[in-house]
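As structure tokens, the structure follows; a few thoughts come after it.
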Number of protein chains: 2
Amino acid sequence: MFTLDQLRGFVAVAEELHFGRAAQRLLMTQPPLSRQIQKLERAVGARLLDRDQRSVSLTAAGQAFLEDARRMLATADAALARARRVEAGATGTVRLAFTAGSALGVLPTILDVATRSLPDVHLELVEMVSIDQVRHVAEGSIDVGLARPPFPAELLGSVLVQRERLLLAVPAVHRWARGEGPIALTEAVGEPLIMYSPAEARYFHDLLVRLMPAPGPRVVHMVTQVLTMLSLVAAGRGVALVPESSRRMRLEGVAYRELAGVPQEPVELHLMWAKESRNPAMHALVEQARQTFEPGIPL
Amino acid sequence: MFTLDQLRGFVAVAEELHFGRAAQRLLMTQPPLSRQIQKLERAVGARLLDRDQRSVSLTAAGQAFLEDARRMLATADAALARARRVEAGATGTVRLAFTAGSALGVLPTILDVATRSLPDVHLELVEMVSIDQVRHVAEGSIDVGLARPPFPAELLGSVLVQRERLLLAVPAVHRWARGEGPIALTEAVGEPLIMYSPAEARYFHDLLVRLMPAPGPRVVHMVTQVLTMLSLVAAGRGVALVPESSRRMRLEGVAYRELAGVPQEPVELHLMWAKESRNPAMHALVEQARQTFEPGIPL
DNA sequence: ATGGATTGATACCCTGCGAGCATCATGTTC
DNA sequence: GAACATGATGCTCGCAGGGTATCAATCCAT
């Protein structure tokens with residue numbers, strides 16, 4: 001088999017059609033170049049150059065081989081550059097998981113930051129609930145997640161990217177739908193409540209259980225998705241506590257009221273990644289996100 | 001700069017993920033192989049392999065470089081064969097790219113047509129996803145592609161060679177696996193769905209997004225290859241929508257059902273080439289394909 | 001805990017590939 | 001036919017790269 005140096009020699013001679021000048025261009029003397037070409041022709045098993053003591057020309061086989069040789073050399077250069085860029089984190093692929101809720105809120109910002117500051121990094125998006133994200137990120141099948149706590153801190157790093165209020169969603173036909181101002185949580189628990197499932201939507205479930213005063217509300221449904229929850233509210237099945245960003249869904253038949261008697265912005269969303277991951281593009285993305293969000297979040 | 005031998009060494013180690021076995025495969029001992037890789041990494045200027053005393057794995061840069069390395073080695077082999085054929089007086093060569101999916105469907109027919117009507121034209125085959133095909137055909141490093149739309153019409157010509165149905169693939173243990181008759185798409189979206197990646201498998205991704213009714217399915221995985229998709233189905237991770245031809249893979253643990261509520265044959269495959277190419281053998285092949293397929297496709 | 005097994009990295013040796021220099025063979029030009 | 005130009009060949013030598021022996025770190029079984 002031939003070597004890349006032989007290819008470079010061949011391309012130079014094919015372009016100059018002159019061994020001496022080609023050797024000069026390659027910063028070498030003419031004799032080794034001659035032998036390089038001979039060796040290449042033996043390796044290929046075909047005459048590539050016609051040299052008749054006075055001038056050099058390409059054979060048909062040489063013309064065909066020249067194309068391939070140029071292509072190989074170009075690929076070689078490109079491969080170097082590409083590998084270096086990947087290592088520097090300037091290019092590559094990041095697999096990003098997000099919760100359905102974050103698609104309405106902070107995900108567009110993240111995508112914006114990523115495409116602006118890392119234009120050559122390719123993003124693969126997968127929708128996934130928080131606990132599944134934690135598993136996939138820990139396993140390495142996903143690089144970063146937009147998810148809600150808790151995370152196993154020894155494996156995963158995380159940075160807070162969003163805090164938001166909890167609103168009360170009520171049916172449009174409900175007596176509270178037309179009112180103004182906040183409604184006290186103590187008052188709200190008198191209504192039938194649509195609750196989050198403790199398994200798939202553990203974060204919201206636990207958050208609400210912590211906030212609820214002792215007697216506890218009357219739970220009429222347990223669901224996983226905020227969208228399902230709002231559909232049930234619209235159908236008049238009860239009221240629900242939802243993060244403010246879900247208001248952007250603009251669902252027919254649902255009205256929102258502020259809540260009193262709850263912490264100001266209790267709903268957190270984090271960007272989360274495997275600490276020991278060796279995907280430089282992922283680390284670059286996280287760094288960008290950190291710079292964008294970390295100082296900007298009023299705590 | 002690196003050498004082809006170093007590339008061969010790297011590819012072997014990347015495939016075996018083990019220096020000893022890779023060295024065995026290359027008919028050499030392990031120490032020089034280790035140094036070959038070190039030298040390659042120095043030449044590239046990036047770590048390509050993570051080796052932690054016990055196991056070897058590819059870095060992100062290594063994954064990117066592996067693709068290029070494989071391409072260079074393949075080009076090297078092809079260049080030898082091509083130069084020899086040209087010297088032997090054989091007429092032309094056509095480099096044909098195909099998607100993994102088309103290998104099961106229309107590719108055999110194309111090969112049949114080509115070898116029957118153009119016996120002296122040599123065909124080089126490369127497997128490649130559609131977007132890569134478009135790039136390579138536009139650049140001229142591939143002559144024709146069997147790919148899915150869209151194509152930039154000002155650069156590339158194309159002709160439809162296949163339309164096929166979309167089937168629902170379900171795990172063999174699923175309750176639908178033993179049934180008969182079509183399943184409505186509206187019913188199917190209730191199941192967890194394995195989806196196509198929007199980047200590498202853009203055609204299928206966009207097609208499914210267009211077909212899906214509003215609430216949207218629960219996407220549990222995003223993959224690029226139909227084979228991966230069917231493996232996940234076989235593993236019981238969810239259901240998938242796949243082109244009918246993939247049925248020929250006969251994967252254990254997967255059952256197929258027809259779909260109702262979708263267009264009859266929504267999956268298209270085209271033969272596609274660079275209009276301004278000067279490869280006569282390529283144009284002859286395209287002409288043959290056009291005659292074979294153009295009238296035969298019932299639209 | 002401890003000794004053996006596994007695996008990639010190092011030390012050292014040695015062969016041979018390939019570069020340079022000098023020179024040859026052949027063809028062109030005046 | 002002499003001077004020149006150009007690619008090929010003979011010879012020498014340095015070093016790239018392969019082999020053997022061995023080390024260092026880790027895993028595993030007892």
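Remarks
- Taken as entire DSSP H runs, the helices of chain B that both span 27 Å or more between Cα atoms along their own long axis and average -0.5 or more on the Kyte-Doolittle scale are B:60-87.
- For A:Leu156, the residues 5 or more places off, or on other chains, whose built amide H falls under 5 Å of its own are A:Lys275.
- As a calculated quantity, the FRET efficiency between A:Asp5 and B:Ala138 at R0 = 45 Å, using C-beta atoms, amounts to about 0.90.
- GNM top mover of A:Met72, A:Met249, A:Met28 - chain A, alpha-carbon springs below 10 Å: A:Met28
- A:Ile37, A:Ile131 arranged by Cβ crowding within 10 Å, fewest neighbours leading: A:Ile131, A:Ile37
- Region B:166-260: relative contact order as a whole-number percent, Cα under 8 Å and 6+ apart: 51 percent
- Net charge contributed by nearby residues that have their C-beta within less than 13 Å of B:Ser130 (K/R +1, D/E -1): -2
- Across the identical copies, how the B:Ser277 labels are spaced - nm, sorted shortest first, 7 Å along Cα→Cβ: 3.9
- The same position B:Glu294 in the other copies lies at 6.2 nm from this copy, comparing label points 7 Å beyond Cα toward the beta-carbon, shortest first.
- The trypsin sites (Lys or Arg not before Pro) of region A:46-101 meeting both criteria, a DSSP state outside H, G, I, E and B (loop) and at most 13 other C-beta atoms within 10 angstrom of the site's C-beta, are A:Arg54.
- Prolate/oblate/rounded call for region A:1-151, Cα gyration tensor, a/c under 1.5 rounded: prolate
- Residues B:Phe65, A:Phe293, B:Phe2 in ascending order of nearby Cβ atoms (within 10 Å, fewest first): A:Phe293, B:Phe2, B:Phe65.
- Distant-in-sequence amide H partners of B:Ala100 (H built 1.01 Å from N, under 5 Å): B:Met128
- Here the contact order of chain B, divided by its residue count and restricted to Cα pairs under 8 Å and six or more residues apart, works out to 21 percent.
- With label points defined 7 Å past Cα in the direction of Cβ, position B:Gly236 shows copy-to-copy spacings of 4.3 nm, given to one decimal and shortest first.
- Cα shape, chain B, gyration tensor, a/c 1.5 rule: oblate
- Put simply, the amide H of A:Leu49, placed in the peptide plane, has neighbours under 5 Å in A:Thr59, leaving out anything fewer than 5 places away on its chain.
- Remark: relative contact order (region A:77-213) = 22 percent; criterion is Cα-Cα distance under 8 angstrom and separation of 6 or more residues.
- Dividing the radius of gyration of the alpha carbons in region B:166-260 by their Kirkwood radius gives 0.92 for Rg/Rh.
- Computed from the C-beta positions of B:Gln225 and B:Leu111 and an R0 of 30 Å, the FRET efficiency is 0.85 to the nearest 0.05.
- A full extension of the chain between A:Val173 and A:Glu252 corresponds to an added length of 27.3 nm, given 0.36 nm per residue minus the alpha carbon distance.
- Think of region B:4-71 as having a plus end and a minus end, set by charges on the Cβ of Lys, Arg, Asp and Glu; of B:Leu58, B:Pro32, B:Gly20, B:Pro32 sits farthest toward the positive end of this dipole.
- Peptide B:139-145 is shielded by partner chain Cβ atoms: per residue, an average of 1 of them sit within 10 Å of its Cβ.
- Size of charge dipole - chain A - debye, nearest 20, with Cβ of Lys, Arg +1 and Asp, Glu -1, no other charges: 600 debye
Only the coordinates and a few stated rules stand behind these numbers; no lab work does. As the structure is a prediction and not an experimental result, all values here were calculated from the model. All Cβ positions, even for glycine, are placed from backbone atoms using ideal geometry, and neighbour counts span all protein chains on display.
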